[in-house]
Amino acid sequence: MAKRRKLEAPSAEDLTRYEEEFHRESSSRGLMSAPIAQVAAEAATLHDPRPAGQRAEAAKDKADAERLRDAEGRGLVMLELAVDDINADALVRDRVVLDAEEMEELKASIAKGGLRLPIEVFPTPADGQGFGYGLLSGYRRLKAFRDLYALTKDSRYQKIKAVIRDPEAMGGTFAAMIEENEIRASLSHYERGRIAVIAAQQGAFVNAEEAVNALFPQASKAKRSKIRSFALIFEELGDMLTFPDLLKEKDGLRIAAALRDGAEVRLREALAERVPETAAEEAELIAAALDGVELTSDPKKGGRPKKAASPAKALSSGLTVQLGEDAQGWVIRVRGKRVGRELMEAAMLELERLLDAP
């Protein structure tokens, strides 16, 4: 008769040893473990203990979040941004002037029915000025909001509806701004030429000609030629003209042809005689200056701008100087509020002394 064994409860040390042996043997089997064990483990991992209604709501929230992220990435989500967070001067605007009457109409419309069309902005790196966004389009709308808040102190005008864009995906900041304005209200030839020159001066393009081709790719060859002519007018006379945006196309092309023939000094002297009060008076000044001038090029054909000038250099005095070259030789252009005949005559004396030195 077999002898009965006396059973004893395992000690804590025995239990610890048994558990370690079990884990060691289980891990050593690896993929050789029973299929039912693998299925059970996977089922336990995938099991969601929440009720069906909560699981459906969570799935919907996840899908909505993915759609929102996608829409934000494509600039389809409209936000409300503080007007103080937007730098309206992040870009040099393509519009030369703002019509006062139109601005009053816009402010009245916003005050009555709110803003119907959001502005467009792009993120900007921190620059110490407190701006988080640069204005891409909607300068008049942003200005109207700021004017209305200054007038009424109504908190409604402290925030404005905006859409965040990626300007690089739209061809660059200048191209995106111009595209918006061309759609809303066509730019004048002078405004087109002006922004092309500024874009080139700021290093966005090699020269004004490349800027015109890139910023106005849908324009015909003849239209781009006219824009280049008005770019030349901005380069040579932009600081002298009072009503450049009101230049007629025919007059502008004649001025550009005269500039290519070396009439810059003649035109600048005529415009320096007095400040015209109307666009018609300014046109008369220019016509008188060009009276009797024989043009060697056809104004109707437009033309290419002069050779690109070197980038303008800012001086500590607040003035800027720029070196350029045309068919007649080298040109030094000086700009700034302090520029006057007396200062320039003193500069000429210094230049004469330098050039006359052996």
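The values are calculated or read from the model by the stated rules, or taken from the named source; none is laboratory data. Note that the structure is predicted; figures quoted are calculated from it, not measured. Here the Cβ positions follow ideal geometry from the backbone for every residue, glycine too, while neighbour counts run over all protein chains shown. For the accessible areas, the whole protein counts, side chains as well, though only heavy atoms, and no ligand, DNA or RNA atoms are used. Shrake-Rupley method; radii C 1.70, N 1.55, O 1.52, S 1.80 Å.
Go through PHE243, PHE230 for me and flag whichever is over 24 Å from the mean Cα position of the chain (by Cα) and modelled with pLDDT of 85 or more.
PHE243
Examine region 91-98 for a residue that is modelled with pLDDT of 85 or more and under 27 Å from GLY238 (Cβ atoms), and state whether such a residue exists.
no
Limited to region 202-211, what total is found for residues that are open to solvent by 60 Å² or more (accessible area, probe 1.4 Å) and either aromatic (Phe, Trp, Tyr) or modelled with pLDDT of 80 or more (or both)?
1
Within region 110-126, identify whether any single residue is modelled with pLDDT under 80, in contact with a helix residue (DSSP H, G or I) (Cβ under 9 Å, 6 or more places away or on another chain) and of a type outside the set (A, V, I, L, M, F, W, C), and answer yes or no.
no
Does at least one position in region 290-313 carry a residue that is open to solvent by less than 80 Å² (accessible area, probe 1.4 Å), outside any loop (DSSP other than H, G, I, E, B), at pLDDT 60 or above and under 19 Å from PHE234 (Cα atoms)?
There is at least one residue in region 290-313 that is open to solvent by less than 80 Å² (accessible area, probe 1.4 Å), outside any loop (DSSP other than H, G, I, E, B), at pLDDT 60 or above and under 19 Å from PHE234 (Cα atoms).
How many of the residues making up region 212-260 are in a helix (DSSP H, G or I), open to solvent by 50 Å² or more (accessible area, probe 1.4 Å), without any contact (Cβ under 8 Å) to a residue 40 or more places away in the chain and closer than 19 Å to ASP291 by Cα?
Of the residues in region 212-260, 1 are in a helix (DSSP H, G or I), open to solvent by 50 Å² or more (accessible area, probe 1.4 Å), without any contact (Cβ under 8 Å) to a residue 40 or more places away in the chain and closer than 19 Å to ASP291 by Cα.
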